[in-house]
Amino acid sequence: MKILTALTYYKPYVSGLTIYAARVAEAWARAGHEVTVLTSKHLPELPAEEVVNGVRVVREPVMLKVSKGTVMPKFWLDAPGFVRDADVVNIHLPQLESGMLAGWGRKYGKKVVLTYHCDLQMPRGAVNALANQGVLMMNRFAFRNCDVIVTNSQDYADHSEILSKVKEKVRIIQPPVELAPLNDDVFEAFQERVHPEKYDPVIGMACRFAADKGVEILLDAMPKVLAEFPKAAVFFMGPYENVLGEAAYYERLKPRIDQLIEGGHWQFMGKIPDEEVPAFYRCIDVLAMPSLNRTDSFGLVQIEAMINGKPVVASDLPGIRVPVNRHKMGAIFPVGGSDALADALIRVLRERTRYPAEACDEIRGMYSPDHVAGLYTDLIEHLPDPAA
């Protein structure tokens, strides 16, 4: 099949959405499909076109950025040609261009598959409110013109105001998760750099430094955790400086984090190479996911932790609570409850030896990108032919 995947950002941009899209696109390419990604040239130094792991990536110039969104006139001009040349159009939402892409897909008789990652919740402000309404309008138009809508869990679909209105089109496919094999030399070098043996326990957090991730909830929980575990520390893996749209949030929390750094209770890992990610999970004792709203719908990092035998403490949000409840590896706590987060972390850390990594092969197979891409392919092949 010729598959067109469209989304606002693609790697090297880091988010759960971009990681998901790249994993499925590359798995399709490995299976012999011809895959093109149409996305934004969000950094000036990125090439306009390249092949990455068998996937053709076409990046359209950005004329203007509105909050975390982009305005790309050339995207709108070029998209019809890309849609016309494809057999299947896979659109990742939320995305401003989604309605237009789905409309072109319907016009040219293509199978249109939406991957719905999350409900959009923009920060307050007139510009963001306008952008939010524009994206919602386009999403609804995309819903009308698509064949099927894939999302991560029934829990999230049932609690989404927008998905609950199109239940007949919704299908559930778990997200793709993979990690590079743990290399002993890489692991030893990582240990020498971060010295996990100095801390007991190590609490991991793996995400962009962003307001919806609830970093302050973990900060508020730390005094109670430190009272129980005086040598505890947080290892934060992911971009934390100059994150798009999050500079003010980072600056607001930085003084509190600096105090923890000075006390030996916080380390920023930054964005680390793929081969070091398994080493990060092996060094931590628990992963904290204190997400605050529905812009997180599952949390791929929860599965990354679990396949390394590490439990997770996650917010009681639709979708986010699914991995812990499904695999019985950790605890959930009320959204925004720092005291409850501290209690849950303490409870899980006391029982941390219950979760051996070697018991997690079944979880690994369930979420492998090749398996997930195969589920997509089966779904696509069973869709009615739009031209019939």
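Where residues in the stretch 155-179 are of a type in the set (Gly, Ala, Ser) and part of a helix (DSSP H, G or I), which of them is farthest from VAL324 (Cα to Cα)?
Ranking the candidates gives SER164 first.
In this structure, does VAL243 turn out to be assigned to a loop (DSSP other than H, G, I, E, B) and of a type in the set (A, V, I, L, M)?
Yes.
Looking at ILE257, ILE261, ILE307, which is the one that is under 20 Å from the mean Cα position of the chain (by Cα) and outside the structural domain of GLU161 (by TED's automatic domain parsing)?
ILE307
Among the residues of the stretch 182-189, are any in the same structural domain as PRO323 (by TED's automatic domain parsing), buried (at least 18 other Cβ atoms within 10 Å of the Cβ) and either in contact with a helix residue (DSSP H, G or I) (Cβ under 7 Å, 6 or more places away or on another chain) or of a type outside the set (Val, Ile, Thr) (or both)?
No: the stretch 182-189 contains no residue that is in the same structural domain as PRO323 (by TED's automatic domain parsing), buried (at least 18 other Cβ atoms within 10 Å of the Cβ) and either in contact with a helix residue (DSSP H, G or I) (Cβ under 7 Å, 6 or more places away or on another chain) or of a type outside the set (Val, Ile, Thr) (or both).
Look at VAL313 and say whether it is more than 17 Å from PRO181 (Cβ to Cβ), of a type in the set (Val, Ile, Thr), assigned by TED's automatic domain parsing to the domain that holds ARG208 and more than 14 Å from the chain's Cα centre (by Cα).
yes
Which of the strands (runs of 3 or more DSSP E) contained wholly in the stretch 257-359 include at least 2 residues that are in contact with a Ser or Thr (Cβ under 9 Å, 6 or more places away or on another chain)?
Here the list reads 312-315, 330-333.
Taking only pairs six or more apart or across chains, which ones have beta-carbon atoms under 6 Å, a first residue in the stretch 11-34 that is polar (S, T, N, Q), and a second residue that is surrounded by fewer than 23 Cβ atoms within 10 Å (Cβ to Cβ)?
THR18/TYR9; THR18/LYS11
Listed residues PHE75, PHE82; which is touching a Ser or Thr at 6+ places or on another chain (Cβ under 8 Å), at pLDDT below 95 and aromatic (Phe, Trp, Tyr)?
One residue alone meets the criteria, PHE75.
Looking only at the stretch 151-170, which residues are touching a helix residue (DSSP H, G or I) at 6+ places or on another chain (Cβ under 7 Å), surrounded by fewer than 14 Cβ atoms within 10 Å (Cβ to Cβ) and of a type outside the set (Asp, Glu)?
Selection gives SER164 alone.
Filter the strands (runs of 3 or more DSSP E) completely within the stretch 48-104 down to those with at least 1 residues that are within 23 Å of ASP119 (Cβ to Cβ) and of a type outside the set (Gly, Ala, Ser).
Counting at least 1 such residues, we get 64-66, 69-71, 88-93.
Suppose the filter is touching a residue at least 60 places away in the same chain (Cβ under 8 Å) and among the β-branched types (Val, Ile, Thr); does ILE284 pass it?
Here the answer is yes, as ILE284 does meet what is asked.
Within the stretch 4-29, restricting attention to residues that are in a helix (DSSP H, G or I) and not aliphatic (A, V, I, L, M), which residue is surrounded by the most Cβ atoms within 10 Å (Cβ to Cβ)?
Here the residue is TRP28.
Let's see how each residue does on (1) touching a strand residue (DSSP E or B) at 6+ places or on another chain (Cβ under 9 Å); (2) over 22 Å from PRO181 (Cα atoms); (3) among the charged types (D, E, K, R):
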{"residue": "PRO318", "(1), (2), (3)": "no, yes, no"}
{"residue": "ARG321", "(1), (2), (3)": "yes, yes, yes"}
{"residue": "VAL335", "(1), (2), (3)": "yes, yes, no"}
{"residue": "ALA340", "(1), (2), (3)": "yes, yes, no"}
{"residue": "ARG347", "(1), (2), (3)": "yes, yes, yes"}
{"residue": "ILE363", "(1), (2), (3)": "no, no, no"}
{"residue": "TYR367", "(1), (2), (3)": "no, no, no"}
{"residue": "ASP370", "(1), (2), (3)": "no, no, yes"}
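So which residues in the stretch 197-251 are of a type in the set (Val, Ile, Thr) and within 22 Å of ILE272 (Cα to Cα)?
VAL202, ILE203, VAL215, VAL234, VAL243
The values are calculated or read from the model by the stated rules, or taken from the named source; none is laboratory data. Computed from a prediction, not measured in an experiment: that's the story for all the values here. Using ideal geometry, Cβ is built from the backbone for each residue, glycine included, and neighbour counts are taken over all protein chains shown.
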